[in-house]
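The values are calculated or read from the model by the stated rules, or taken from the named source; none is laboratory data. Keep in mind that this is a model prediction, so the values were computed, not measured. Quick reminder, even Gly has a Cβ in these numbers, built from the backbone with ideal geometry, and neighbours come from all protein chains shown. Side chains included, ligands, DNA and RNA excluded: accessible areas come from the protein's heavy atoms. Shrake-Rupley method; radii C 1.70, N 1.55, O 1.52, S 1.80 Å.
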Amino acid sequence: MKRIYIAVLFLAVAVSLCIFEQYTVSSAYRETTEYLNTAIEEVEKEDYEGAKKTCGNLRDYWSQKQKYMAAMIDHGSLDDTSITILALEELANTESDSLEDELITAKNQIKSIYDNQKITFGNVF
């Protein structure tokens with residue numbers, strides 16, 4: 001009887017971790033995409049001060065979320081995204097011509113992480 005309780009407990013923990021992972025990745029995707037879209041709009045309006053502030057807020061947000069996501073997902077894609085996001089504020093400071101391209105790159109990278117972590121038939125099997 002104890003084995004059944006242990007199995008049920010293990011299953012409950014596993015399901016809880018899966019739900020936590022899905023929630024964390026989904027919320028990080030939504031928030032990060034929101035920051036990136038705002039920064040892209042600011043760059044298109046040539047509001048580099050606003051873009052600098054938005055990129056700084058994004059960096060702070062990403063630094064918090066990355067700690068949790070590093071325990072759950074592939075480090076390669078997460079590290080690439082982190083490098084791109086952490087470089088955005090410096091690009092905004094220098095009003096670099098490549099800022100908008102890097103914002104789009106970061107947006108594509110976070111979308112890739114989100115797509116790879118979703119529970120779908122293809123990802124499960």
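See the values below:
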| item | result |
| --- | --- |
| From ILE19, ILE6, ILE40, residue being aliphatic (A, V, I, L, M) and surrounded by 14 or more Cβ atoms within 10 Å (Cβ to Cβ) | ILE40 |
| Extreme residue, least open to solvent (accessible area, probe 1.4 Å), among residues of segment 66-125 that are hydroxyl-bearing (Ser, Thr, Tyr) and under 14 Å from VAL43 (Cα atoms) | SER96 |
